[in-house]
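Have a look at the structure below, then the notes.
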Amino acid sequence: MREPIGRRRFLGYVLAAPTLVTAAEIGLRPSVAAASSADAQLPSPNITNIVDLNDLMTLAATPTSGLIAVEVGQDGMVSFALPRAEVGQGITTSTAMLIAEELSVPLERVRITLADARPELVFNQLTGGSNTTFATYTPIRVAAAIARRRLLDAAAIALGSAVTDLSLRAGTIVSRSGRSIDIGALADKAASTQTQQVSVELAPRESFTVIGKPHSRIDALDAVTGRKKFAMDLDVPDAKPTMVCRPPTINGKVGSVANLTEVRAMAGVTHVVVISTGVAVRAETFGQCIDAVRALRVTWKPGTAAGKSDETVRQELERAELPLGLPPLTPTVEGKFTFYFRGNSALETNCAVADVRADRAEIWSGLKSPIVAQQTIAAKLGLPASRVAVHVVQGGGSFGRKLFFDAALEAAEVSQKIGKPVKLMWHRADDARQGRAHPMVTSRVRVSYLGGTVLGYEQRHTSVATDLGHGIGEIITGLAAQLPVGDIGFSEIFFKLSQTTPYDFGATSLLLSETDKGFNTGSMRNVYSPDATCARELIVDQVAARMRRDPYQFRRDFLHDDRSRAVLDKVAEVGQWGRQMPAGTAQGIAFHAEYKSVSAVLVEIDCRPATVNRPIREGVTGPRVTRAVFAVDVGLAVNPRGLEAQMMGGVSDGIALALTSSLHLRDGYFLEASWDNYFYTRQWNTPLELQIIVMPSTSERPGGAGELGVAPSMAAVACAYGRATGTMPTSFPINHGTLSFEPKPTVPPVPPSPTDGLNYAS
Amino acid sequence: MPERTFRVNGRQVTVDVPDDVRLLWVLRDVLGITGPKYGCGINVCKACTSHLNGKAVNPCAIPVRDIQPTDEVTTIEGLPATVGKELHPMQQAWLDHDVVQCGYCQPGQIMAAVALVRRVAAQGRGITDDDLDGLRNMCRCGTYFRIREAIRAGAANM
């Protein structure tokens with residue numbers, strides 16, 4: 001956005017077009033002068049090797065390149081192509097609400113699509129860091145407000161009234177004399193033959209009728225009727241099912257294949273070809289792909305984690321841990337916590353459609369970093385990026401996973417090699433064993449205190465490297481150059497930006513150290529925060545106990561501000577903090593602030609044997625969180641109903657991270673290959689009572705919300721578990737030491753398709 | 001290749017596909033019925049849950065040879081027609097409780113919910129927490145709590 005000119009007044013554009021198209025600039029405008037410094041701060045050599053930043057900057061330097069545009073059609077529909085990925089977090093709905101607010105049209109008349117890769121947006125088309133609403137809140141409203149202004153001007157001429165005598169309601173402009181005209185009838189009259197810059201005033205918060213009111217998702221009807229299309233549901237001509245036979249260890253490579261000819265002759269199989277990640281099979285159905293993948297006899301070369309296990313990685317982390325400061329003379333509380341690898345799979349496995357021809361390519365996939373995907377795929381195919389069209393499809397979940405485009409890159413490679421379009425999908429076992437993981441982490445915390453005063457807080461977070469090779473978006477990229485951190489790695493910058501201590505704990509020192517780039521990792525939802533917050537909040541409970549203080553009152557006294565105290569007070573009040581609980585059950589309370597938002601959670605957990613040992617076939621029951629109360633203040637909640645859903649999902653994630661979900665590394669591979677191996681929260685782990693409280697708006701602007709709920713939920717569950725059992729947990733998830741399933745073989749890499757489905761009809 | 005004939009969503013279909021191909025791929029890859037989703041292929045995640053003669057089944061685990069000519073397969077696309085409406089009461093409950101996030105698992109969740117309510121009704125009783133705990137359908141967005149609320153509401157209107 002350009003500088004606001006006066007209160008709530010902003011600059012935008014009317015674009016030259018046959019119907020009305022208005023626009024505003026998104027994000028920071030990279031000037032050519034800034035290009036060199038931005039270059040030096042780019043996160044990953046992988047990106048700088050492939051993405052030609054100068055090309056992007058040149059594209060970005062054209063006057064209207066960074067614009068996002070609202071279009072009014074002659075059918076009275078308002079269209080907007082969002083340069084972000086919808087993966088379930090509800091941004092198409094909240095975006096439609098922003099437009100409906102400023103343009104005074106019903107939500108049903110706003111059509112949101114996802115923009116194809118737009119390289120001129122540089123780092124402004126990355127969905128991550130809970131940044132979408134924060135970054136687009138003003139520009140989308142500016143574009144919509146300009147459209148409103150143009151429509152009113154056109155209506156004044158059409159109706160022969162002064163603009164001041166017109167009102168726009170529900171998509172219709174009505175004059176004082178009672179004449180009316182629909183905005184669709186004004187779409188061409190309000191259009192401009194030349195692009196011009198205009199200024200506009202935004203609706204004041206007091207007048208909002210859409211923003212801040214709960215709205216259901218705009219894609220809900222499509223989803224519940226099966227009409228919502230994900231990448232694998234697209235009907236791209238001749239794009240046949242394709243799967244890849246993968247190595248038995250992480251990132252192993254194909255040595256040789258003994259029976260290519262035999263497998264090529266199997267029923268339904270059209271192509272079998274060796275690619276960089278394995279052996280690809282294309283067939284008439286995915287079922288036949290699975291059979292062919294299982295039939296392949298491949299010798300494999302070792303991968304990037306050969307021979308490694310949880311224990312060897314724990315030793316690597318031990319060696320990489322940065323020392324705490326000199327021991328203080330005052331009393332201290334210290335703890336060290338271990339967090340095992342966790343899977344970052346969504347329910348929709350990695351997948352993409354690719355149609356690669358000699359001189360061009362077309363890709364369809366759920367992509368949160370489509371520009372980097374486009375550049376990387378183009379480089380791999382040997383095509384100019386401008387010849388690679390990348391379509392962003394709605395994703396079946398992401399949680400950070402879709403920042404990477406592994407399946408799209410593979411699909412492009414296969415399509416080029418065989419000269420046919422492909423619909424490539426990973427098997428669930430592939431996703432679990434070769435997909436992205438949250439890295440294994442240790443976190444050491446030391447708090448020094450004297451009497452009732454906390455004097456210092458130190459945390460040493462040590463992690464297997466998190467791959468940030470997708471770029472990390474405008475906030476971090478933009479701020480990195482301004483940070484007084486000198487020449488440290490990008491992940492350390494990210495850690496510093498995302499991690500703060502919300503308590504007045506005196507001298508504070510938080511440091512990240514990373515080791516081992518041999519794993520496929522990524523920024524799993526809320527990245528560093530769940531582990532870092534869990535470790536912190538457990539130690540906060542210990543310090544409170546040392547001081548003989550109540551955990552809630554102790555937190556309350558040390559929190560920085562009223563806004564933070566308000567959410568904590570709210571969960572304590574609604575959740576009846578301190579109520580009498582039977583032995584083996586307890587409450588836990590935790591606080592977390594991030595993305596300009598604050599949150600607090602109170603949970604109750606039941607660790608009694610009758611609950612822990614409930615029989616569930618092929619499942620982990622364990623302690624049950626019976627109740628959760630969550631209070632959240634995101635500044636301004638655009639859609640409180642969508643916000644509630646995000647926080648509920650955060651609670652489900654937090655329960656899983658604390659109690660049940662992890663990957664077990666043995667001999668260079670993860671044992672998990674199924675949702676009955678990797679124990680994400682299921683119905684039998686779900687709280688019976690769950691209450692989300694959205695606090696009244698405390699700001700003119702929305703903060704981030706997509707990831708916020710995970711960290712405090714995990715921490716509260718861990719704290720409750722510690723209080724119920726009388727022992728502070730130090731290893732997560734708490735059941736990691738017990739392997740609760742029989743691991744599936746690694747050769748063949750995917751399990752057989754069952755044949756006994758009828759026996760389970762119910 | 002052998003031909004198989006059966007009924008899907010009230011319509012008779014004939015497919016020319018090997019006997020051992022699982023019904024999920026016959027629906028998705030051959031017939032283009034994409035409401036049932038792939039989430040695991042081994043009858044664990046339940047994203048493909050559909051009905052066979054009114055009971056919940058997982059087509060990823062049923063070879064097409066097991067489907068008889070008189071069998072009626074109902075996917076999420078055919079659910080409203082089973083009650084002769086635009087939407088089945090369970091779908092309406094899903095909308096009323098804004099259950100969906102990414103939506104990928106929800107066709108399977110709704111089909112499993114409808115079968116559960118029918119099963120419990122046949123036993124002459126109402127839905128309990130234990131019944132809901134017994135639902136195995138995965139949801140990685142974590143919409144479980146709203147699913148429980150919606151099933152109770154949907155059951156009241158079935």
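Of the residues contained in region A:635-643, none is found to be under 22 Å from A:GLN434 (Cβ atoms) and assigned to a strand (DSSP E or B).
Taking the listed residues A:ARG555, A:ARG546, the one that is crowded, with 16+ Cβ neighbours inside 10 Å and at pLDDT 95 or above is A:ARG555, with no other qualifying.
Does A:VAL142 satisfy the condition of being of a type in the set (A, V, I, L, M, F, W, C), more than 14 Å from every other protein chain (Cβ to nearest Cβ) and either surrounded by 24 or more Cβ atoms within 10 Å (Cβ to Cβ) or more than 16 Å from the chain's Cα centre (by Cα) (or both)? Before the answer, list the steps.
Working: of a type in the set (A, V, I, L, M, F, W, C): yes; more than 14 Å from every other protein chain (Cβ to nearest Cβ): yes; either surrounded by 24 or more Cβ atoms within 10 Å (Cβ to Cβ) or more than 16 Å from the chain's Cα centre (by Cα) (or both): yes.
Here the answer is yes, as A:VAL142 does meet what is asked.
Among the residues of region B:42-56, the ones that are touching a residue at least 24 places away in the same chain (Cβ under 8 Å) and facing chain A (nearest Cβ under 7 Å) come to 5 in all.
Between A:ALA720, A:ALA724, A:ALA711, A:ALA716, which is in contact with a His (Cβ under 7 Å, 6 or more places away or on another chain) and part of a helix (DSSP H, G or I)?
Numbers: A:ALA720 fails: in contact with a His (Cβ under 7 Å, 6 or more places away or on another chain); A:ALA724 fails: in contact with a His (Cβ under 7 Å, 6 or more places away or on another chain); A:ALA716 fails: in contact with a His (Cβ under 7 Å, 6 or more places away or on another chain).
Just a single option satisfies the conditions, and that option is A:ALA711.
Does A:LYS368 qualify as being among the charged types (D, E, K, R) and crowded, with 24+ Cβ neighbours inside 10 Å? Yes, satisfied. Counting only residues that are crowded, with 16+ Cβ neighbours inside 10 Å, within 13 Å of chain B (Cβ to nearest Cβ) and charged (D, E, K, R), region A:228-255 holds 3 of them.
Against the definition (more than 13 Å from chain B (Cβ to nearest Cβ), part of a helix (DSSP H, G or I), charged (D, E, K, R) and closer than 30 Å to A:GLU86 by Cβ), how does A:ARG563 come out, yes or no? First the steps, then the outcome.
Working: more than 13 Å from chain B (Cβ to nearest Cβ): yes; part of a helix (DSSP H, G or I): yes; charged (D, E, K, R): yes; closer than 30 Å to A:GLU86 by Cβ: yes.
Considered against the rule, which asks whether it is more than 13 Å from chain B (Cβ to nearest Cβ), part of a helix (DSSP H, G or I), charged (D, E, K, R) and closer than 30 Å to A:GLU86 by Cβ, A:ARG563 comes out as yes.
Could you please let me know if A:MET97 is assigned by TED's automatic domain parsing to the domain that holds A:ALA170, within 24 Å of the chain's Cα centre (by Cα) and modelled with pLDDT of 95 or more?
Working: assigned by TED's automatic domain parsing to the domain that holds A:ALA170: yes; within 24 Å of the chain's Cα centre (by Cα): yes; modelled with pLDDT of 95 or more: yes.
Yes, satisfied.
Is it true that A:THR681 is within 30 Å of A:ARG314 (Cα to Cα), of a type in the set (Val, Ile, Thr) and either within 11 Å of chain B (Cβ to nearest Cβ) or not in a loop (DSSP other than H, G, I, E, B) (or both)? The answer is yes for A:THR681.
Go through the residues of region B:62-80 one by one and say whether even a single one is closer than 22 Å to A:VAL87 by Cα and more than 7 Å from chain A (Cβ to nearest Cβ). Taking every residue of region B:62-80 in turn, none turns out to be closer than 22 Å to A:VAL87 by Cα and more than 7 Å from chain A (Cβ to nearest Cβ). Is region A:355-364 home to any residue that is under 30 Å from A:ARG682 (Cβ atoms), in contact with a Ser or Thr (Cβ under 6 Å, 6 or more places away or on another chain) and surrounded by 24 or more Cβ atoms within 10 Å (Cβ to Cβ)? So far as region A:355-364 goes, no, none of its residues is under 30 Å from A:ARG682 (Cβ atoms), in contact with a Ser or Thr (Cβ under 6 Å, 6 or more places away or on another chain) and surrounded by 24 or more Cβ atoms within 10 Å (Cβ to Cβ).
Could you tell me whether A:VAL224 is surrounded by 20 or more Cβ atoms within 10 Å (Cβ to Cβ), within 13 Å of chain B (Cβ to nearest Cβ) and either at pLDDT 95 or above or under 24 Å from the mean Cα position of the chain (by Cα) (or both)? So A:VAL224 passes the test.
If only residues of region B:61-81 that are surrounded by 21 or more Cβ atoms within 10 Å (Cβ to Cβ) and in a helix (DSSP H, G or I) are counted, the one that is farthest from the chain's Cα centre (by Cα) is B:VAL64.
Tell me, which strands (runs of 3 or more DSSP E) lie completely within region A:346-465 with 3 or more residues that are aliphatic (A, V, I, L, M) and at negative phi? If you could, list the steps in order and put the result at the bottom.
Numbers: elements: A:351-356, A:361-365, A:388-392, A:422-425, A:441-450, A:453-464.
Because the criterion is at least 3 residues that are aliphatic (A, V, I, L, M) and at negative phi, the strands (runs of 3 or more DSSP E) in region A:346-465 that meet it are A:351-356, A:388-392, A:422-425, A:441-450, A:453-464.
Here the condition is being farther than 26 Å from A:ALA239 by Cα and not aromatic (Phe, Trp, Tyr); of B:VAL30, B:VAL13, B:VAL57, it holds for B:VAL57 alone. Per the listing B:ALA93, B:ALA113, B:ALA150, the residue uniquely over 26 Å from A:GLY654 (Cβ atoms), part of a helix (DSSP H, G or I) and under 18 Å from the mean Cα position of the chain (by Cα) is B:ALA93. Applying the set (1) more than 8 Å from every other protein chain (Cβ to nearest Cβ); (2) in a loop (DSSP other than H, G, I, E, B) to B:GLN101 leaves exactly one unmet item: (1). Taken over region A:649-670, the criterion of being of a type in the set (D, E, K, R) and surrounded by fewer than 24 Cβ atoms within 10 Å (Cβ to Cβ) is satisfied by A:ARG666, A:ASP667. Reported count of residues in region A:644-672, each being among the small types (Gly, Ala, Ser) and either in a strand (DSSP E or B) or more than 9 Å from chain B (Cβ to nearest Cβ) (or both), is 5. Any chance region B:116-129 includes a residue that's at the interface with chain A (Cβ under 7 Å from one of its Cβ atoms), under 13 Å from the mean Cα position of the chain (by Cα), under 24 Å from A:ILE655 (Cβ atoms) and not in a loop (DSSP other than H, G, I, E, B)? The answer is no, given that none of the residues of region B:116-129 is at the interface with chain A (Cβ under 7 Å from one of its Cβ atoms), under 13 Å from the mean Cα position of the chain (by Cα), under 24 Å from A:ILE655 (Cβ atoms) and not in a loop (DSSP other than H, G, I, E, B).
Determine whether region A:606-627 contains at least one residue that is part of a strand (DSSP E or B), touching a strand residue (DSSP E or B) at 6+ places or on another chain (Cβ under 6 Å) and buried (at least 24 other Cβ atoms within 10 Å of the Cβ). Spell out how you get there, then give the answer.
Keep residues of region A:606-627 that are part of a strand (DSSP E or B), which gives A:606, A:624-627.
Filter once more, keeping what is touching a strand residue (DSSP E or B) at 6+ places or on another chain (Cβ under 6 Å): A:606, A:624-627.
Narrowing the set further to residues that are buried (at least 24 other Cβ atoms within 10 Å of the Cβ) leaves A:625.
The answer is yes, given that some residue of region A:606-627 is part of a strand (DSSP E or B), touching a strand residue (DSSP E or B) at 6+ places or on another chain (Cβ under 6 Å) and buried (at least 24 other Cβ atoms within 10 Å of the Cβ).
In region A:210-221, which residues are among the hydrophobic types (A, V, I, L, M, F, W, C) and more than 8 Å from every other protein chain (Cβ to nearest Cβ)? So that I can check it myself, show each step before the final result.
We begin by selecting, within region A:210-221, every residue among the hydrophobic types (A, V, I, L, M, F, W, C); these are A:210-211, A:218, A:220-221.
Matches in region A:210-221: A:VAL210, A:ILE211, A:ILE218.
Sort out for me the strands (runs of 3 or more DSSP E) sitting completely within region A:267-332 that have 1 or more residues that are in contact with a His (Cβ under 9 Å, 6 or more places away or on another chain). Steps first, please.
Working: elements: A:269-275, A:278-283, A:298-301.
The strands (runs of 3 or more DSSP E) meeting that bar are A:278-283.
Could you please let me know if A:GLN646 is over 20 Å from A:THR349 (Cα atoms), modelled with pLDDT of 95 or more and surrounded by fewer than 24 Cβ atoms within 10 Å (Cβ to Cβ)? Full working, then the answer.
Working: over 20 Å from A:THR349 (Cα atoms): yes; modelled with pLDDT of 95 or more: yes; surrounded by fewer than 24 Cβ atoms within 10 Å (Cβ to Cβ): no.
Considered against the rule, which asks whether it is over 20 Å from A:THR349 (Cα atoms), modelled with pLDDT of 95 or more and surrounded by fewer than 24 Cβ atoms within 10 Å (Cβ to Cβ), A:GLN646 comes out as no.
The lone criterion from (1) of a type outside the set (Val, Ile, Thr); (2) farther than 17 Å from A:MET232 by Cα; (3) in contact (Cβ under 8 Å) with a residue 40 or more places away in the chain left unmet by B:GLY39 is number (2). If I ask for residues that are β-branched (Val, Ile, Thr) and in contact with a Cys (Cβ under 9 Å, 6 or more places away or on another chain), which ones from region A:740-762 would you list? The one that is β-branched (Val, Ile, Thr) and in contact with a Cys (Cβ under 9 Å, 6 or more places away or on another chain): A:VAL750.
Look at (1) within 14 Å of another protein chain (Cβ to nearest Cβ); (2) in contact with a Pro (Cβ under 9 Å, 6 or more places away or on another chain); (3) on the phi < 0 side of the Ramachandran plot and you find that A:PHE337 fails only one, number (1). Scanning region B:1-29 for residues that are outside any loop (DSSP other than H, G, I, E, B) and closer than 19 Å to B:PRO107 by Cα yields B:VAL8, B:ARG22, B:LEU23, B:LEU24, B:TRP25, B:VAL26, B:LEU27, B:ARG28, B:ASP29.
The values are calculated or read from the model by the stated rules, or taken from the named source; none is laboratory data. For clarity, every value in this text was computed on a predicted model and none was experimentally measured. Methodologically, a virtual Cβ is constructed for each residue, glycine included, from the backbone with ideal geometry; neighbour enumeration extends over all protein chains shown.
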